[in-house]
1. Does at least one position in the range 218-226 carry a residue that is surrounded by 14 or more Cβ atoms within 10 Å (Cβ to Cβ), assigned to a helix (DSSP H, G or I) and at pLDDT 85 or above?
2. Considering the range 90-125 alone, what residues qualify as being at pLDDT 80 or above and either touching a strand residue (DSSP E or B) at 6+ places or on another chain (Cβ under 9 Å) or basic (Lys, Arg) (or both)?
3. Among the residues in the range 137-146, are any at pLDDT 90 or above and in contact with a Leu (Cβ under 9 Å, 6 or more places away or on another chain)?
4. Being in the same structural domain as residue 247 (by TED's automatic domain parsing), of a type outside the set (S, T, N, Q) and free of Cβ contacts under 8 Å to residues at least 12 places away in the same chain is the requirement here; does residue 45 meet it?
5. Scan the range 228-260 for residues that are over 29 Å from residue 37 (Cβ atoms) and basic (Lys, Arg) and jot them down.
6. For the range 176-189, which positions are charged (D, E, K, R) and at pLDDT 85 or above?
7. Working carefully through the options 75, 91, 35, find the one that is part of a loop (DSSP other than H, G, I, E, B), touching a residue at least 40 places away in the same chain (Cβ under 8 Å), within 25 Å of the chain's Cα centre (by Cα) and surrounded by 13 or more Cβ atoms within 10 Å (Cβ to Cβ).
8. Within the range 47-72, how many residues are within 18 Å of the chain's Cα centre (by Cα) and surrounded by fewer than 22 Cβ atoms within 10 Å (Cβ to Cβ)?
Amino acid sequence: MGKKLQHGERLRPVDLARAHGLSTQAVRNYEEFGILPEAGRTPHGYRTYTSLHAQALRAFLALVPGHGHRTATSIMRAVNRDAVDEAFRLIDESHVQLLDDRGTLQAVESALRDLGPLAATEAGAGSEPAGAGSEPAGAAGPAGTFIGPLAGQLGIRPATLRAWERAGLVSPRRDPRTGYRVYSAADVRDARLAHQLRRGGYPLERIAPLITQVRAAGGLEPLEAALGDWRGRLSARGRAMLTGAAELGAYLEAYLRERG
């Protein structure tokens, strides 16, 4: 990252930018957004930065991989306006989210263990619901379940299940007499897996081929690979949070020392 700066050494925007592979405009934008402390000015009005600004920039860039650009920006802005407790609260929220995501991953893995080998999807047989109009809220019985109860179990709206059907994530059959959607046990399984993967941040366009592969292969290998990737991303976030914490701690020390 270049030579170590001496305390009080003055830097031009281009110096700070080059040291981090950024444009000078990006550095100016970071100052404008409050990510960097306010720059000094020469008698001619040119910005000048110091080692404190360099440390702030290092801290911000280290926070982004673990917390995201938006939260990292909010953390740095809070520190620079002397709202350190607010910065700590934002960091705590990111850690809570990471913990929640880990719990979701564990829930998916547990569900996979319970599912066991996948069988080919077959339409169930049994009594069908009667009536017409909008789809009923009650359970369909041995033949399957209706959209309302399934949506309620997953904590989503029926419209979401319809969107998943259009995307190919679930394929409920239609009752020939009423036209109601009837979700078999396999459809429920697919909906639960889709729901968990959506919670893990997977977009629909990635989930649909995955579920199709799982159905066709008769096994869980494709899904297990996706979960391995998800697990790796969570671990990378955790490591990035540690790096960001170290850089932010160094900046806080320098910032408080600068403020006397």
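1. no
2. Scanning the range 90-125 gives a single hit, 102.
3. Looking through the range 137-146, none of the residues is at pLDDT 90 or above and in contact with a Leu (Cβ under 9 Å, 6 or more places away or on another chain).
4. Yes: the conditions hold for residue 45.
5. Passing the criteria: 231, 233.
6. Hits for the range 176-189 are 177, 181, 187.
7. Of 75, 91, 35, the one residue that is part of a loop (DSSP other than H, G, I, E, B), touching a residue at least 40 places away in the same chain (Cβ under 8 Å), within 25 Å of the chain's Cα centre (by Cα) and surrounded by 13 or more Cβ atoms within 10 Å (Cβ to Cβ) is 35.
8. Residues in the range 47-72 being within 18 Å of the chain's Cα centre (by Cα) and surrounded by fewer than 22 Cβ atoms within 10 Å (Cβ to Cβ): 6 in total.
The values are calculated or read from the model by the stated rules, or taken from the named source; none is laboratory data. All values reported here derive from a predicted model rather than from experimental measurement. Positions of Cβ are backbone-derived with ideal geometry, glycine not excepted, and every protein chain shown enters the neighbour counts.
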